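Some notes on the structure that comes next.
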Amino acid sequence: MARSQGNAPEPGSGKEWTDSLSRGRVPGPRLDQQRVVDGRGLGTRSVHAGTYEDPGTGAVGTPVFQTTTFRFTEDTYAAFDQGHIRDVPIYGRYGSPNQWTVQEKLASLENTESAMVFSSGMAAITTTLLALTNHGGHIVSSRDVYGGTYNLLREDMHQLGRTVTFTDPTDIDAVRAAVRDETQVLFFESLTNPLLKAVPLVELGKLARERHLLLVIDNTFLTPIHLRPLEHGAHLVIHSATKYLNGHSDVTAGAAAGPRKYVDRIWAQMLKLGGSLDAGMCFLLERGLKTLALRMRQHHTNATAVAAMLAEHPVVHRVHHPSRPDYPWTWLHEVCPGGWGGMVSFELKGGDEAALKLLDRLRLPVVATSLGGVESLVSLPFNTSHSFLTERQRVEVGIAPGLVRFSAGIEDTEDLLEDLDQALAGL
Amino acid sequence: MRNGLNITGVSESVHEYRDNPEEAVADFRVVTPLPAPGEETAVSRTLALRDGTYRIARDFTLRHRLALDSRSGDPTPWESMLVAVAACVLTTKVNGFTSRGVTLGALRTTARARLRLGPDGAPAAGAVLDDLGWSTEIDCDAPSETLRSINELVAVFSPNHQAALDTTSAEATVTVLGPTGSEVFPVVWAPAVQESPDDCAVEADVVWEYGSESAYTTRVTTGGIRRVTGPLVVDQAKQMLGIDKGPNSQEILLSAVTAEVAGLLRHEPALRDAPVEGARLLGSGRLDTRGMLNVVREVPSRFHDLRLDLAVECDPGHGHKLAAALGAALSRAVLPATLLAQLTVAVEMVRGGRQEAGGLTTLAQTEAVRDEVTRRQQAAQQG
């Protein structure tokens with residue numbers, strides 16, 4: 001196994017005080033055998049970026065390197081000696097060709113230097129936030145974030161010496177007012193769950209630079225096909241790869257991407273927290289990612305059609321979707337001209353009772369948590385993702401009675417519309 | 001990974017500093033509330049530091065006993081000043097040996113100085129620390145030539161050592177925070193030296209643990225009584241190759257200066273009628289890695305841009321009186337005078353009881369070494 005590309009600095013007895021002045025940081029980790037297709041279209045990058053081309057067999061797909069450890073070479077010892085162990089195959093948790101394959105694909109899609117995969121989206125978030133903050137640090141976030149993230153921020157961060165302020169993620173003045181002397185990170189979701197509130201990404205990026213903060217964006221709902229937050233001022237992007245990135249509801253994984261100066265730190269934190277992703281899951285995630293661009297187009301088409309149909313239906317009180325004329329956060333259209341993924345939320349006039357009946361009557365979408373898979377999924381925030389909030393808190397973040405969260409899959413549009421129509425007709 | 005340091009990012013950082021100088025700057029800050037007249041200690045807190053284009057939260061408390069003979073178990077500001085020099089020298093040495101590929105067995109730096117005493121047994125007003133010097137004991141397999149070279153370069157690039165060699169002035173202000181805004185009053189000061197034949201010995205021992213973490217103890221002997229404090233921890237932020245285990249040597253220096261000045265200020269007669277409740281002294285200073293790595297010759301390698309600001313919530317009418325009081329306290333303080341003076345510092349490196357390197361360092365000498373390093377770097381880049 002060759003070492004990854006790049007010219008890591010090599011201190012030694014003959015070196016000058018300031019070390020070698022050749023550039024040390026390189027994209028990756030990346031092996032010589034991996035395909036690099038930077039600059040191509042997103043569909044092409046989804047398919048080809050990072051693929052390991054096995055020199056022995058000529059296999060078209062990346063083999064599964066189902067091993068926890070790798071034979072030591074001179075490069076291995078040099079990596080231990082000099083510290084660049086992220087770039088050399090050593091041990092499964094440190095990094096493996098399957099991780100590097102899928103990481104390179106993600107980095108390419110996000111137009112950035114480096115990415116990391118984790119054993120879950122929460123592992124990605126926990127590891128990233130701890131890596132980027134110090135004891136005594138402060139994080140500005142929002143109660144609109146995913147429930148697991150909210151619980152981490154509310155229940156655990158103070159025990160780890162970090163404090164958190166929750167603000168309205170769409171109000172840049174409120175975010176600015178929440179920044180303190182010890183604030184280090186702004187953490188938001190690009191599109192919130194389940195109301196699809198869009199954060200003012202460009203303004204957040206400006207605020208982060210103005211105040212020397214790091215902007216971390218969870219871009220799970222939009223994926224790099226629709227939005228690449230790093231191009232609009234974010235320093236790091238996070239994904240629950242369980243959702244659209246993998247897209248088949250058969251892998252639990254997370255990801256973080258950005259410049260190596262930050263991702264290397266996250267990697268070092270991951271080594272200690274341990275949330276690495278094994279080779280088999282990496283293989284499945286890489287396979288899922290190959291169709292990401294294709295899937296996202298159909299998710300978007302279906303969600304937009306569903307939103308349009310729901311908006312005209314007499315039992316529907318309100319539809320939350322960026323395609324609707326009353327969608328308040330129009331800045332999303334400027335940064336995401338190509339689509340907004342597959343999520344739609346809507347409120348039924350009959351409240352939670354009607355919503356529960358709707359779930360009973362739907363035949364195609366599966367009533368289940370999660371989202372972003374090829375199959376449509378439906379759930380009610382009040383008894384699932386936001387059940388941890390009190391009724392008052394739900395109202396505060398806009399979770400009204402009768403709210404339904406619909407994750408449009410990639411089924412034929414007409415089939416989804418027909419099924420929704422028959423289910424709504426009986427309410 | 002050698003000596004607990006991962007230095008692979010160093011070369012990349014050098015390039016980043018060239019492209020974006022803002023990334024090279026680290027601004028450290030410490031705040032010390034004015035202790036009440038009866039209090040024996042000053043309590044400082046580290047504040048978030050700006051490191052390039054992002055912030056690093058710092059969450060440490062540093063306590064100083066304000067009288068040499070008080071029974072508090074905390075170090076005095078004068079001992080902490082020696083800790084700041086010794087710890088900075090030691091950290092710079094760990095970095096230097098690591099970049100040369102040398103694995104360290106043990107490393108310990110001891111800094112010593114004489115503190116002049118007035119007739120009342122307190123430090124003499126405005127007197128600099130005399131006979132400042134440090135000695136490092138090392139255990140490693142590196143050739144003697146490497147030890148001499150590192151010792152010489154540390155004298156050039158250790159920011160706190162350089163601050164002692166060079167003229168490092170503390171710019172002082174008073175900020176009066178009123179209900180409708182704030183007003184800043186400049187402070188004029190110069191050391192008001194009190195001649196005194198008496199002095200006492202002050203020492204600080206810093207023992208390397210791993211990476212950038214070290215433990216320190218201090219000693220001061222007055223009236224035949226030796227008071228020892230510590231061990232306490234000094235470390236870097238994790239973004240600066242440390243593990244956030246303690247304040248770093250620049251923060252220790254700032255806390256020593258603010259504690260000494262705050263301790264003197266509370267007794268200033270001019271403050272008797274001033275509303276100083278809640279007053280706090282903010283100390284700040286800057287490291288510029290372009291200087292510390294000699295990326296840009298003109299940028300100082302020393303800890304510089306030292307500022308002290310007394311923040312008081314009161315009527316702006318008190319501003320001039322407060323500024324005069326702070327000026328008087330600064331003029332009587334030892335540490336600002338020590339930093340302001342161009343000192344000669346005795347340095348040595350000892351291995352196995354044998355001196356491998358040693359001598360007196362001066363600003364002129366270290367500037368000449370830096371010129372030579374610059375010449376060699378330029379030649380290497382052209383070659």
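Just so it is clear, none of the values below were taken in a lab; they were calculated from the coordinates. Small disclaimer: the values here were computed from a predicted structure and weren't measured. Note that we place each Cβ from the backbone using ideal geometry, even for glycine, and neighbour counts take in every protein chain shown.
Other residues whose C-beta falls under 11 angstrom from the C-beta of A:I225 contribute a net charge of +3, scoring Lys and Arg +1 and Asp and Glu -1.
Among B:122-131, B:71-80, the peptide with the highest mean count of other Cβ atoms within 10 Å heads the list, and the full ranking is B:71-80, B:122-131.
For the stretch B:128-139, the Karplus equation 6.51 cos²θ - 1.76 cosθ + 1.60, evaluated at θ = phi - 60°, returns couplings of 6, 5, 8, 6, 5, x, 9, 9, 10, 9, 10, 10 Hz by residue, with Gly and Pro reported as x.
Enter the angle in degrees (range 0 to 90, nearest 10) between the Cα long axis of helix A:351-361 and the first principal axis of the Cα atoms of chain A, meaning the one along which they spread out most. It is inclined by approximately 80 degrees.
Taking the Cα centre of the stretch B:66-162 as reference, the dipole from Cβ charges on Lys and Arg (+1) and Asp and Glu (-1) amounts to some 100 debye. With contributions of -39500 (n - 2.57) from each DSSP H run of at least four residues, the per-residue ellipticity at 222 nm computed over the protein assembly as shown stands at -10000 deg cm²/dmol. Rounded to the nearest Hz, the phi-derived 3J(HN,Hα) couplings of the stretch A:409-414 under the Karplus curve 6.51 cos²θ - 1.76 cosθ + 1.60 (θ = phi - 60°) are x, 10, 5, 4, 4, 4, where x marks glycine and proline.
Per residue, the Cα convex hull of the protein assembly as shown amounts to 170 Å³. With respect to chain B, whose longest principal axis is taken over its alpha-carbon atoms, helix B:10-19 is tilted by about 60°.
Think of each Lys and Arg Cβ as +1 and each Asp and Glu Cβ as -1; about the Cα centre, that makes the dipole of the protein assembly as shown roughly 580 debye. Taking packing as the residue-averaged number of other Cβ atoms within 10 angstrom, the listed peptides B:364-375, A:372-383 run from highest to lowest as A:372-383, B:364-375. Label zone of A:E203 (point 7 Å out along Cα→Cβ, amide N under 19 Å): in the stretch A:168-188 this covers A:168-180, A:186-188. Spin-label model, A:L417/A:N111: points 7 Å from Cα along the beta carbon direction are separated by 3.4 nm.
Among the listed pairs A:K206/A:K349; B:K238/B:K321; A:K206/B:K321; A:K197/A:K357; A:K105/B:K245, a Cα-Cα separation exceeding 31 Å is found for A:K206/A:K349; B:K238/B:K321; A:K206/B:K321; A:K105/B:K245.
The mean sequence separation of alpha-carbon pairs under 8 Å and at least six residues apart, normalised by the residue count of the stretch B:298-383, gives a relative contact order of 14 percent. On a 0 to 90 degree scale, rounded to 10, what angle separates helix B:319-332 from the longest Cα axis of chain B? So the inclination is approximately 50 degrees. Charge tally around A:T192: other residues with Cβ under 11 Å, Lys/Arg +1 each, Asp/Glu -1 each, net -2.
Computed over the alpha-carbon atoms, the stretch A:292-425 gives an Rg to Rh ratio of 0.95, Rh here being the Kirkwood radius from the mean inverse distance. What the phi angles of the stretch A:70-81 give under the Karplus curve with 6.51, -1.76 and 1.60, with θ = phi - 60°, is a coupling list of 10, 4, 6, 10, 4, 5, 4, 5, 5, 5, 4, 5 Hz, glycine and proline written as x.
Taken along its three principal axes, the alpha carbon spread of the stretch A:42-289 comes to 58, 39, 29 Å, from the longest extent down to the shortest. Normalised radius of gyration (Cα atoms, divided by 2.2 N^0.38 Å) for the stretch B:178-303: 1.39. The distance separating the Cα centre of the stretch B:149-194 from that of the stretch B:74-117 comes to 20 Å.
Taking a quarter of the surface of the Cα convex hull of the stretch B:10-382 gives a mean projected area of 18.7 nm². Under Stokes-Einstein, with the Kirkwood radius over Cα pairs as Rh, the value for chain A at 10 °C and 1.306 mPa s is 71 µm²/s. With the simple model of a label 7 Å out from the Cα in the direction of the Cβ, B:R114 to B:A380 spans 4.1 nm.
One Cα centroid belongs to the stretch A:69-136, the other to the stretch B:196-234; the line between them spans 42 Å. Using a Förster distance of 56 angstrom, determine the FRET efficiency expected from the C-beta separation of A:V64 and B:D315, and round it to 0.05. Efficiency for this residue pair is about 0.15. Remark: the stretch B:238-383 is approximated by an ellipsoid whose semi-axes, taken from the C-alpha gyration tensor as √(5λ), come to 39, 19, 16 Å, largest first.
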